[in-house]
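So the structure is just underneath, and the comments pick up after that.
Values in this text are rule-based calculations from the coordinates and carry no lab data. Computed from a prediction, not measured in an experiment: that's the story for all the values here. Backbone-built Cβ (ideal geometry, glycine too); neighbour counts: all protein chains shown.
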Amino acid sequence: MEALRDLALILLALEAALGTLVVLAVIAAINYALFYFRWWRTLPRWFAIARGYLHQGRQAVEIGSRAVAAPIFTLEATWAGVKGAVKDLRSRQTR
């Protein structure tokens, strides 16, 4: 049984090592491509384009979050107001 446990651990380690090598190969390919295509000319333009898309995505997330959260906040505020009014009415009735 210990041999199976050791074998499973070795296979997991190999999988992690292979995953790391794949990530390293992708990063190396990106680095080579940036050097090959003269990154100092094209990279600032790509960063500007990427920043624009990230800004649009952030705005979409903010708008969506507000649309989802606004009814909840409105309901909670209304419920708190109703509870406060009922509490005031009850306290006036007990006096």
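Side notes on the structure shown:
- Residue among Ala48, Ser91, Val61 farthest towards the positive dipole end of the range 39-95, charges placed on Cβ: Ser91
- Cα-based convex hull, the chain, per residue volume (Å³, whole number): 219
- Using θ = phi - 60° and Karplus 6.51 cos²θ - 1.76 cosθ + 1.60, couplings along the range 60-75 (whole Hz; Gly, Pro as x): 5, 5, 5, 5, x, 5, 5, 5, 7, 7, 4, x, 5, 5, 5, 5
- 222 nm mean residue ellipticity, helices alone, for the chain (DSSP H n ≥ 4; -39,500 (n - 2.57); rounded to 500): -35500 deg cm²/dmol
- Treating r as the C-beta distance of Ile63 and Ala28 and R0 as 35 Å, the FRET efficiency rounds to 0.35.
- Label-to-label distance, Phe47 versus Phe35, with points set 7 angstrom from Cα along the beta-carbon direction: 2.0 nm.
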